[in-house]
Amino acid sequence: GESVGLHLPTLSVQEGDNSIINCAYSNSASDYFIWYKQESGKGPQFIIDIRSNMDKRQGQRVTVLLNKTVKHLSLQIAATQPGDSAVYFCAETKRSNYQLIWGAGTKLIIKP
Amino acid sequence: GAVVSQHPSRVICKSGTSVKIECRSLDFQATTMFWYRQFPKQSLMLMATSNEGSKATYEQGVEKDKFLINHASLTLSTLTVTSAHPEDSSFYICSVHGTGGEKLFFGSGTQLSVL
């Protein structure tokens, strides 16, 4: 069941503005990083990924930045839309086994 | 279209009964599948890694006799929650890693409620 007092970090953004969601990863040996979007009652949906030999990767309206020095990952969403409302998780893994280590998640709320 | 089919999406059962959840890979052969559980407002927790044709590898603290995993073919893995109790109520999610691809694909999840 749910732990008492547990809550997801929340980011509120005005519709149309850019969103930046941050994540600190734990294992310096991880070589593959993924951002997922999860809507209520659904499984995680792949957004974008990046290998450890890159520091930036762009998709459609999304950009992932990787800073291995400080073990930091960020997801930038341009021109945030109401449909972007969800919980966003970062995940790290090694491509040798693909066992994901998940971040805590950030709830993105879009203000009209 | 969907790459992974997970069924059922929601199940309500009485305490003491067993529940089977299926995870099917639709587009490719999946040598490895992963099973997760997720409590409200929390992240996913890996329960076990399911390898086709061999015994599943369970994470520490996950009872293998409680959560039976069968990966009998390259397209199907099942998770059976045996003698379910209310504390087993959770959202269960499978994911698939194909033989050629790099991305992991997730099922839509199963919400289990044990009364």
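The values are calculated or read from the model by the stated rules, or taken from the named source; none is laboratory data. Since we're looking at a predicted model, the values are computed, not measured. When we count neighbours, we look across all protein chains shown, and the Cβ atoms used for this are built from the backbone with ideal geometry, even at glycine. Side chains are part of the model used for accessible areas, which takes the heavy atoms of the whole protein and leaves out ligands, DNA and RNA. Shrake-Rupley method; radii C 1.70, N 1.55, O 1.52, S 1.80 Å.
Per-structure values
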quantity: Options A:37, A:94; residue that is in contact with a strand residue (DSSP E or B) (Cβ under 9 Å, 6 or more places away or on another chain) and under 18 Å from residue A:18 (Cβ atoms); calculated: A:37
quantity: Strands (runs of 3 or more DSSP E) completely within segment A:1-88 that count 2 or more residues being within 14 Å of another protein chain (Cβ to nearest Cβ) and more than 29 Å from residue B:112 (Cα to Cα); calculated: A:19-24, A:32-38, A:45-51
quantity: Single residue of segment A:61-103 satisfying the filter (of a type in the set (S, T, N, Q) and closer than 30 Å to residue B:51 by Cα) that is most open to solvent (accessible area, probe 1.4 Å); calculated: A:96
quantity: Subset of segment A:89-112 [more than 15 Å from residue B:43 (Cβ to Cβ) and assigned to a loop (DSSP other than H, G, I, E, B)]; calculated: A:94, A:95, A:96, A:97, A:98, A:112
quantity: Search result, residues across segment B:97-115 that are open to solvent by less than 50 Å² (accessible area, probe 1.4 Å), at pLDDT 90 or above and either more than 10 Å from chain A (Cβ to nearest Cβ) or more than 15 Å from the chain's Cα centre (by Cα) (or both); calculated: B:112, B:113, B:114
quantity: Breaking point among (1) farther than 27 Å from residue A:39 by Cβ; (2) in contact with a His (Cβ under 7 Å, 6 or more places away or on another chain); (3) surrounded by 17 or more Cβ atoms within 10 Å (Cβ to Cβ), for residue B:51; calculated: (3)
quantity: Failed item, numbered, when residue B:84 is tested on (1) more than 13 Å from every other protein chain (Cβ to nearest Cβ); (2) within 18 Å of residue B:23 (Cα to Cα); (3) in contact (Cβ under 8 Å) with a residue 40 or more places away in the chain; calculated: (2)
quantity: Residue list for segment B:1-21, filter: within 14 Å of chain A (Cβ to nearest Cβ) and either within 19 Å of residue B:49 (Cβ to Cβ) or among the hydrophobic types (A, V, I, L, M, F, W, C) (or both); calculated: B:2, B:3, B:4, B:6, B:11, B:21
quantity: Residues that are assigned to a loop (DSSP other than H, G, I, E, B) and modelled with pLDDT of 90 or more, drawn from segment B:1-13; calculated: B:8, B:9
quantity: Residue match in segment B:57-78 (condition: within 11 Å of chain A (Cβ to nearest Cβ), touching a Leu at 6+ places or on another chain (Cβ under 8 Å) and surrounded by fewer than 20 Cβ atoms within 10 Å (Cβ to Cβ)); calculated: yes
quantity: Filter pass, residue A:77 being β-branched (Val, Ile, Thr) and farther than 30 Å from residue B:57 by Cα; calculated: yes
quantity: Enumeration of residues in segment B:1-45 that are among the aromatic types (Phe, Trp, Tyr) and open to solvent by 20 Å² or more (accessible area, probe 1.4 Å); calculated: B:28, B:39
